[in-house]
1. Cα centroid distance between region 364-441 and region 527-563, in Å?
2. Take the Cβ-Cβ distance between residue 570 and residue 298 as r, set R0 to 56 Å, and report the resulting FRET efficiency rounded to the nearest 0.05.
3. Provide the gained length on full extension for the span residue 459 to residue 368, in nm with one decimal, where the gain is 0.36 nm per separating residue minus the Cα-Cα distance.
4. Work out how much length residue 195 to residue 326 would gain on full extension: take 0.36 nm times their residue separation and subtract the Cα-Cα distance, in nm to one decimal.
5. Label-point separation (nm) for residue 452 and residue 352, each offset 7 Å from Cα along Cα-to-Cβ?
6. Report the full-extension gain for the segment residue 523 to residue 338: residue separation times 0.36 nm, less the Cα-Cα distance, to one decimal in nm.
7. If you take the C-alpha gyration tensor of region 380-454, multiply each eigenvalue by 5 and take the square root, what semi-axes do you get, largest first, in whole Å?
8. When Rg is the radius of gyration of the Cα atoms in region 402-501 and Rh is its Kirkwood radius, what does Rg/Rh come to?
């Protein structure tokens, strides 16, 4: 709409300047409604000569001055008997001469002579008889009423013939003070325009003024005539005027509505007034100038049409629309994504809050149970219930066992808090696998005895050392062994194995597995068992003690040491958790050397 408004404004300015060029001729000849009261044909000749030979610096009644636009000026003496005669205002000789009717003026002269019977007919000579019901009829026309036929005294009564082209005006003769009768015949002034000047000077100048850029035209500009004799009057680019007007970005009917009746309303000649929608500028009608003489039911029209060189305005609009739709779709997509993220985040927050509440309930139970056992054992000893040596040893074992469980739960909570705050630190160094497994067995010995579980070990001969933090490695395996004990069933054997594995991404690694023969884990829960606070519904239903932090801490320990923790499980058959840790650099080099020797030995063989 903005581009269209700017373009329409430029076209209207172009239109105004072209009108100025033509109306300057009318003003110069001073043919007004009451000019016939005093003016003679010699007066018109004198004005024509004065305007034609005036110097550029001399003041003129109009800023537009192109005398060469006028080809000839004729006077049609329609009252001469028995036939009309045509007089030429000879600018070179400054005389009025009788002349024959040029071929291009035959139709126009016949039309004017046929409408010279009265002023009322003369003012409506442009109309094709029988097609209009708004023909103005007056019985008396004076200077005051005749000026209402148009908005300007200087162009009142002028009519335009697009085919010649020419502008004509009736000459009303009367004496001073005489009332002009509607039955009195009129003569005519005919001003023919030089089409060559119009095509090569006036129209190119206007096109450059309003549609030209720094180096060339911003728009292709064309003026074409439509109707019974379609032709190109002017074109800034060869062949542009021959294109269909519908393909242009904008088009304007140059001469607008054909007339205004005596009441000032538009006499529309089959051209719809511009609509009020946003695309009306694409094809609109210019303001009314001179009535255009009609020779056919299909009127001839001069059309100004424009087409943008850098691409049609419709393409610009389409691209802008597509861009806006794309941006809108992207915004909507982002909004939808944000809503999805917010929904997911809200759901996860709710789940996390639920897990936290379950954790609080679980940790309260985990802390209260050993505390209750310790409290009861201490109270029995204080009250003298237990006095003999074996009983004291048994109660002491209970207190130590429950205290260890209590300390382990508290340690897990403290480690988790340290991890969440980012304060955990690790001392990564080379560790002996045998020492790690020995420490894990010692730490779990009491639990294994209490739960009647046995550990079986299987360490391959080529496994010796790993890279890791001793506390983190032992903590990770301790959690895995504790879980294996808690979830075991009838078969209380726990297998700890260590093997050397090769992967494309990490090379050689030591895989330490802890396998039990317990209840197993469902596939739907495998993705969640490493989440903080998560405990399977089956474990909760069977009241298996735990905080839901063990596996989460174990996975964090593994990844902090550049390792990994994975699980393979089958419901009813048990689970196998595997901790993979990198080996020291010197171990990798030794293994590479051995592999090279083996390959060479195979080649020699």
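1. 19
2. Numbers: r = 92 Å, r/R0 = 1.63.
The calculated FRET efficiency here is 0.05.
3. On the way: separation 91, 0.36 × 91 = 32.76 nm, distance 3.92 nm.
Between residue 459 and residue 368, full extension yields an extra 28.8 nm.
4. On the way: separation 131, 0.36 × 131 = 47.16 nm, distance 5.07 nm.
In short, 42.1 nm is gained.
5. It is 4.4 nm.
6. Working: separation 185, 0.36 × 185 = 66.60 nm, distance 3.05 nm.
The span from residue 523 to residue 338 would gain 63.5 nm if fully extended.
7. For region 380-454, the semi-axes come out at 34, 20, 9 Å.
8. Numbers: Rg = 14.9 Å, Rh = 15.0 Å.
Expressed as Rg/Rh, it is 0.99.
Bear in mind that the values in this text are calculations on the coordinates, not laboratory data. Keep in mind it's a predicted model, so treat the numbers as computed, not measured. So basically every Cβ, Gly included, is an ideal-geometry build from the backbone, and we count neighbours across all protein chains shown.
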